[in-house]
Amino acid sequence: VESTSLGSVFETEIPKSPYEPPTMSPFMLCGLILIMALYPSTTLAFTMTSTLAFTTTQPRSSLLQRRMSEPFEQETPEKTKTRIDEMIKANPVMLFMKGNKMFPQCGFSNTAVQILSTYNIDFETCDVLADEAIRSGIKDYSSWPTIPQLYVAGEFIGGCDIMIEEYQNGNLGETIEKAKADM
Amino acid sequence: AIENKLSEAFTPEVLEVINESSGHNVPRGSETHFKVVIVSPSFEGTPLLGRHRMVHTVLEEELAGGVHALSIVAKTPAQWARA
């Protein structure tokens, strides 16, 4: 999931034109020459790779590549729905949450992750905070107004409260065992 | 308002609506995170998911408005007596 905004990558990291040298003061210039004299091989490596970066149009990530080649368009609700469908089909245990497995960004999402971690399974998470289309899309998709949302074997289980109750009465364990068997 | 709607819809034996917004990263006085404890015979025979959805339908307006987190405990009188 792409977490940096497109705008910031463009504006701050890539200079306006690849053929314009960055401006620098005489002080910096002397410092640079000193470094070049002291560390010639490093300088050479640096020069070569940065020339390569600035003279080719190699995008920095595949996401950037896709966005650069396609005209920018708002994702349609159908497209979002398809994406959600695919995620749920591809992953026997799929959690839509705020933040991700390693860094949940909400108490309820955290509880959901904790519960799932007690079962010895792989599960996939989707960070709705990083994906506005999914954030609203999943609420329509499940007819469920809150995050987190758990899907096991393509079936909607519920939110955090339901997970807690089902965890305590053993139902969640059963459902997950079944999904594990089918994996 | 939440209390009234739920009372009407479910004629509950027990109804508690607690504003949990203070426990979350939102400004003071917000009404964004709520906990609802509701015990009603209307929940008889309905699975958990169904009960939650019933509550969601009743509180549709609020959910579309400011409330974005709802914690629900929905039990039948029998379950409540047991727990």
Report summary line: Considering region A:102-133, residues that are in a strand (DSSP E or B) and closer than 27 Å to A:T76 by Cβ, and then whichever is least open to solvent (accessible area, probe 1.4 Å), we arrive at A:C126
Report summary line: Flagged pairs (Cβ under 8 angstrom, 6 or more apart or on separate chains; first in region B:58-83, facing chain A (nearest Cβ under 10 Å); second of a type in the set (V, I, T) and in a helix (DSSP H, G or I)) are B:L59/B:I2; B:E62/B:I2; B:L70/B:V55; B:I72/B:V55; B:A74/B:V55
Requested in this report: Restricting attention to region B:47-57, report how many residues are touching a residue at least 40 places away in the same chain (Cβ under 8 Å) and open to solvent by 40 Å² or more (accessible area, probe 1.4 Å).
Outcome: 1
Report task. State the number of residues belonging to region A:149-176 that are in a helix (DSSP H, G or I) and either away from chain B (no Cβ under 11 Å) or not charged (D, E, K, R) (or both). Result -> 13
Report summary line: From the option list B:V37, B:V67, B:V26, single residue qualifying as β-branched (V, I, T), surrounded by fewer than 18 Cβ atoms within 10 Å (Cβ to Cβ) and part of a loop (DSSP other than H, G, I, E, B) is B:V26
Report task. Pull up region B:3-23, narrow it to residues that are within 14 Å of chain A (Cβ to nearest Cβ) and either loosely packed, with under 11 Cβ neighbours inside 10 Å or not in a loop (DSSP other than H, G, I, E, B) (or both), then point me to the one that is modelled with the highest pLDDT. Result -> B:I18
Query raised in the report: Taking region A:145-159 only, how many residues are open to solvent by 10 Å² or more (accessible area, probe 1.4 Å) and among the hydrophobic types (A, V, I, L, M, F, W, C)?
Result: 4
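The values are calculated or read from the model by the stated rules, or taken from the named source; none is laboratory data. All of these numbers come straight from a predicted model, not from anything done at the bench. Here the Cβ is made from the backbone with ideal geometry for all residues, glycine too, and neighbour counts use every protein chain on show. Just so you know, the surface numbers come from the protein's heavy atoms only, side chains and all, with ligands and any DNA or RNA stripped out. Shrake-Rupley method; radii C 1.70, N 1.55, O 1.52, S 1.80 Å.
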